[in-house]
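Here the structure is laid out as structure tokens; the discussion comes afterwards.
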Amino acid sequence: MAYAHPSNAAVCRCGQTAIDLAGAPIQSVTCYCESCRTAGHAFEHDLGAPRTVHADGGVDYCLYRKDRVRIAHGAQNLRDYRLKPDSPTRRVVAGCCGSPMFLDFAPGHWLTVFRDRLSGPAPEPRMRIMTKDRPEGVALSYAIPAYGAQPPGLMFKLLWAWAAMGFRRPKIAW
Ligand SMILES: [Zn+2]
Ligand SMILES: [Zn+2]
């Protein structure tokens, strides 16, 4: 049965898995790194996942404080995927319908939620990151700033959010 979620939530395609999100994201970004693209294509191919990788190779995310995220429904559906067994980054997919839900860099205080999954008004991406990894031949428009790697501005926003959290590192578990 589909879960009746509040206006601000990440919800899987079939509606059985939902993650409540409180407040606005720290930042909304498009990531062009190789890992995001590789994982996104593998999910599409292996799990029949909804498409997350744009034609230009980018994946849209909204970054939320971990203390503002709560697995509201369908926790038993969530599955971890890692590109390498010892990677600190896991991508978590709702097994009910193969929807990629979020990316968790374990030591980080933020959760990287797939923007496509947001049920409410999702903030437009404000920056492109890791563009040095973008597919060959892709020309990016200058509509929003683009950075080859992780830009200092994003690091600063993450640090600022962490200070507001009292420098705690909540774990996302279920
Ligand atoms: Zn589902
Ligand atoms: Zn990435």
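The values are calculated or read from the model by the stated rules, or taken from the named source; none is laboratory data. This structure is a prediction, so every number in the text was calculated from the model and none was measured. Here the Cβ is made from the backbone with ideal geometry for all residues, glycine too, and neighbour counts use every protein chain on show.
Working carefully through the options Val29, Val59, find the one that is within 16 Å of ligand 2 (Cβ to nearest atom), aliphatic (A, V, I, L, M) and in contact with a Ser or Thr (Cβ under 7 Å, 6 or more places away or on another chain).
One residue alone meets the criteria, Val59.
Taking the stretch 11-33 as the region of interest, how many residues are within 11 Å of ligand 1 (Cβ to nearest atom) and in contact with a strand residue (DSSP E or B) (Cβ under 6 Å, 6 or more places away or on another chain)?
Qualifying residue count, the stretch 11-33: 5.
Scanning for something part of a loop (DSSP other than H, G, I, E, B) and within 16 Å of ligand 1 (Cβ to nearest atom), does the stretch 34-44 turn up at least one residue?
Scanning the stretch 34-44 turns up no residue that is part of a loop (DSSP other than H, G, I, E, B) and within 16 Å of ligand 1 (Cβ to nearest atom).
Give the residue that is surrounded by the fewest Cβ atoms within 10 Å (Cβ to Cβ), with candidates limited to residues of the stretch 45-76 that are assigned to a loop (DSSP other than H, G, I, E, B) and within 16 Å of ligand 1 (Cβ to nearest atom).
That would be Gly48.
Name the one entry in Ala161, Ala173 that is loosely packed, with under 12 Cβ neighbours inside 10 Å and either under 30 Å from Val93 (Cβ atoms) or of a type in the set (Asp, Glu) (or both).
Residue meeting the stated conditions: Ala173.
Among the candidates Leu83, Leu47, single out the residue that is within 16 Å of ligand 2 (Cβ to nearest atom) and without any contact (Cβ under 8 Å) to a residue 60 or more places away in the chain.
Going through Leu83, Leu47 in turn, the sole match is Leu83.
Within the stretch 77-101, take every residue that is of a type in the set (S, T, N, Q) and in contact with a Ser or Thr (Cβ under 8 Å, 6 or more places away or on another chain) and give me the one that is surrounded by the most Cβ atoms within 10 Å (Cβ to Cβ).
Ser99
Which members of the stretch 126-151 meet the condition of being on the phi > 0 side of the Ramachandran plot and of a type in the set (A, V, I, L, M)?
Within the stretch 126-151, Met130 is the sole residue that qualifies.
Within the stretch 23-33, does at least one residue satisfy the condition of being at pLDDT 95 or above, surrounded by 16 or more Cβ atoms within 10 Å (Cβ to Cβ) and among the small types (Gly, Ala, Ser)?
yes
Rundown of residues vs (1) touching a Leu at 6+ places or on another chain (Cβ under 7 Å); (2) away from ligand 2 (no atom under 16 Å from the Cβ), yes/no style:
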position	(1), (2)
Val69	yes, yes
Ala72	no, yes
Gln76	no, yes
Arg79	no, yes
Thr89	yes, no
Ser99	no, yes
Ala106	no, no
Trp110	yes, no
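Which of the numbered conditions does Val92 fail, given that it passes all the others? Conditions: (1) closer than 21 Å to Pro170 by Cα; (2) without any contact (Cβ under 8 Å) to a residue 60 or more places away in the chain; (3) β-branched (Val, Ile, Thr); (4) more than 16 Å from ligand 1 (Cβ to nearest atom).
Every listed condition holds for Val92 apart from (4).
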